[in-house]
1. Which helices (runs of 4 or more DSSP H) does segment 1-117 wholly contain that include 3 or more residues that are modelled with pLDDT of 95 or more and surrounded by fewer than 23 Cβ atoms within 10 Å (Cβ to Cβ)?
2. Take segment 122-147 and flag every residue that is part of a helix (DSSP H, G or I), without any contact (Cβ under 8 Å) to a residue 40 or more places away in the chain and either under 17 Å from residue 197 (Cα atoms) or touching a helix residue (DSSP H, G or I) at 6+ places or on another chain (Cβ under 9 Å) (or both).
3. Within segment 148-159, restricting attention to residues that are over 24 Å from the mean Cα position of the chain (by Cα) and part of a helix (DSSP H, G or I), which residue is surrounded by the most Cβ atoms within 10 Å (Cβ to Cβ)?
4. Looking at segment 210-224 only, could you name the residues that are in contact with a helix residue (DSSP H, G or I) (Cβ under 7 Å, 6 or more places away or on another chain) and closer than 22 Å to residue 185 by Cβ?
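The values are calculated or read from the model by the stated rules, or taken from the named source; none is laboratory data. Please read all numbers here as calculations on a predicted model, not as lab measurements. Ideal geometry is used to build each Cβ from the backbone, glycine not excepted, and the neighbour counts take in all protein chains shown.
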């Protein structure tokens, strides 16, 4: 089980990994991250200034993994859709509170996770990812209230009923899954894959933890392509941990 981002940095020293990272703005920050990552043996990282070229290099196997860096998000996600021929991009973020273990959070895109079927897709893809990196999945499903809040508002009622249906489906499939209601503070104690009620709430959780709570955001892994792409915020002060994550995932995929 992973406990901190430092463990990733220590365990994924793989100088043979070929990592591509984007740099459109604040190129000096990206260059510093690349220099540090290469010196630490996290792989050989090179810089791309064009998101389409970065995604094509990933698709063609010229690099083993890609990190968005400071490239434009909209253009980068569109390139993934077109080049990998997917209708939408499904991402799962890897976060660490200031005092707590790493956990995966999905959905984090505001247009993602609005139906039970989409949420089950996140669970299935997220479970496969955790298994691939040697982490036993323990899923926590969040809703918009406690069980006792049923009847207070139709939207809250819908999140509560959806969370329970998702939990029961997961149990039937043999997953280690728990309905955590709205209690995210309890969920992260023993859950490592947290499912938010929808993409807006997931995005708010991500932003609150990372930008206001000073938690670490290593990046958001694209789940529904057969290559490793790490989506990142342009506001990150360093991309060394994102490069380390890309290197670790590419190494697992090769094995």
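1. Values: elements: 5-11, 27-39, 51-59, 73-84.
It comes to 27-39, 51-59, 73-84.
2. Correct list: 124, 147.
3. We begin by selecting, within segment 148-159, every residue over 24 Å from the mean Cα position of the chain (by Cα); these are 148-158.
Cutting the leftovers down to part of a helix (DSSP H, G or I) gives us 148-149, 154-158.
Numbers: 148: 9, 149: 16, 154: 7, 155: 12, 156: 18, 157: 16, 158: 14.
If we take residues in segment 148-159 being over 24 Å from the mean Cα position of the chain (by Cα) and part of a helix (DSSP H, G or I), then 156 is surrounded by the most Cβ atoms within 10 Å (Cβ to Cβ).
4. In the first step, residues of segment 210-224 are kept if they are in contact with a helix residue (DSSP H, G or I) (Cβ under 7 Å, 6 or more places away or on another chain); the result is 215-219, 221-224.
215, 216, 217, 218, listed by residue number.
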